[in-house]
Amino acid sequence: MRVPALHTDRLLIRELTAGDEDAARAVNDGLAPGWVAWTAETYAQLEALMQPPYGERAITLRETGELIGLLGLVPSYGPFDQIPGLGSSAQPARFRPEMGLYWALAPAYRGNGYATEAVSALVKTGFAIEGLSRIEIRCAPENTRSQHVPEKLGFKMENIVKRVLYEDTVETMIWSMTKKDYAVSPIRHVQIKPFDLTGTPLLFT
């Protein structure tokens, strides 16, 4: 399964190409050399192996085509069975994988609702086209701007997890949305036009 190109009111969310290297670095200057080209090559490989459509996509402006951010579904590994309300096993595992959602915007484009618009598009695609059962978003408690995105879209704040990283204690907020939550969320009514690789429109369920 490949994430289709998503057209929203102002944005086009598409697969990255090798030519996006410089623009992607303007969004995240911590990208490893060759990361964008490697990501662009993995879409077809993951599809051939029937693996989840992991990896970032480009957030671009529909009017100009300018790349202003990155967005994607990423492997999220954490102590989810240990969190009240999330664990479903009599013998909960210490860690288990989940489908996480990540985004980053260039500083000049923050505060304009682009993150909310892009996240809405990918969440709706995840539930309505890809058949996901749960999506989670993580952010730092002090990152109030990022917190507003899942909060506005109907995600539930499950817990704050503490972990030690390089001798420092780091706190991470875990927000989640299940398919049942999605059915009553404002995302359900967001107007998005998805297209496959041939440009054929796809239908939401």
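The values are calculated or read from the model by the stated rules, or taken from the named source; none is laboratory data. Here the structure is a predicted model, which means the values were calculated and not measured. All Cβ positions, glycine included, derive from the backbone under ideal geometry; neighbour counts span all protein chains shown.
Applying the criterion of being of a type in the set (Asp, Glu) and touching a residue at least 40 places away in the same chain (Cβ under 8 Å) to the residues of the stretch 123-151, the residue that is farthest from Ile192 (Cα to Cα) is Glu136. When residues in the stretch 1-26 are screened for being closer than 30 Å to Gln191 by Cβ, of a type outside the set (D, E, K, R), modelled with pLDDT of 90 or more and in contact with a helix residue (DSSP H, G or I) (Cβ under 7 Å, 6 or more places away or on another chain), 7 of them pass. The residues listed here are Asp9, Asp20; of these, the one that is touching a strand residue (DSSP E or B) at 6+ places or on another chain (Cβ under 8 Å), in contact (Cβ under 8 Å) with a residue 24 or more places away in the chain and charged (D, E, K, R) is Asp20.
The residues in the stretch 59-85 that are modelled with pLDDT under 90 and more than 20 Å from the chain's Cα centre (by Cα) can be counted, and the count is 5. Scanning the stretch 27-56 for residues that are farther than 25 Å from Glu130 by Cα and modelled with pLDDT of 90 or more yields a single hit, Val27.
Residue-level check: of (1) in a strand (DSSP E or B); (2) among the aliphatic types (A, V, I, L, M); (3) more than 15 Å from the chain's Cα centre (by Cα); (4) at pLDDT 80 or above, Val164 misses just (4). Going by the structure shown, is Lys180 in a strand (DSSP E or B) and either of a type in the set (Gly, Ala, Ser) or exposed (fewer than 14 other Cβ atoms within 10 Å of the Cβ) (or both)? No; evaluated as a whole, the condition is false for this residue. Just name the residue that is farthest from Leu202 (Cα to Cα) out of those in the stretch 132-161 that are among the small types (Gly, Ala, Ser) and either surrounded by 15 or more Cβ atoms within 10 Å (Cβ to Cβ) or under 15 Å from the mean Cα position of the chain (by Cα) (or both). Filtering the stretch 132-161 for residues that are among the small types (Gly, Ala, Ser) and either surrounded by 15 or more Cβ atoms within 10 Å (Cβ to Cβ) or under 15 Å from the mean Cα position of the chain (by Cα) (or both), the one farthest from Leu202 (Cα to Cα) comes out as Ser146. The residue list Phe195, Phe204, Phe155 contains one member that is at pLDDT below 90 and in contact with a helix residue (DSSP H, G or I) (Cβ under 8 Å, 6 or more places away or on another chain), which is Phe204.
Is it the case that the stretch 102-125 has a residue that's more than 30 Å from Ala23 (Cα to Cα) and either aromatic (Phe, Trp, Tyr) or surrounded by fewer than 18 Cβ atoms within 10 Å (Cβ to Cβ) (or both)? No, the stretch 102-125 contains no residue that is more than 30 Å from Ala23 (Cα to Cα) and either aromatic (Phe, Trp, Tyr) or surrounded by fewer than 18 Cβ atoms within 10 Å (Cβ to Cβ) (or both). Scanning the stretch 115-133 finds no residues that are part of a strand (DSSP E or B) and in contact with a helix residue (DSSP H, G or I) (Cβ under 9 Å, 6 or more places away or on another chain).
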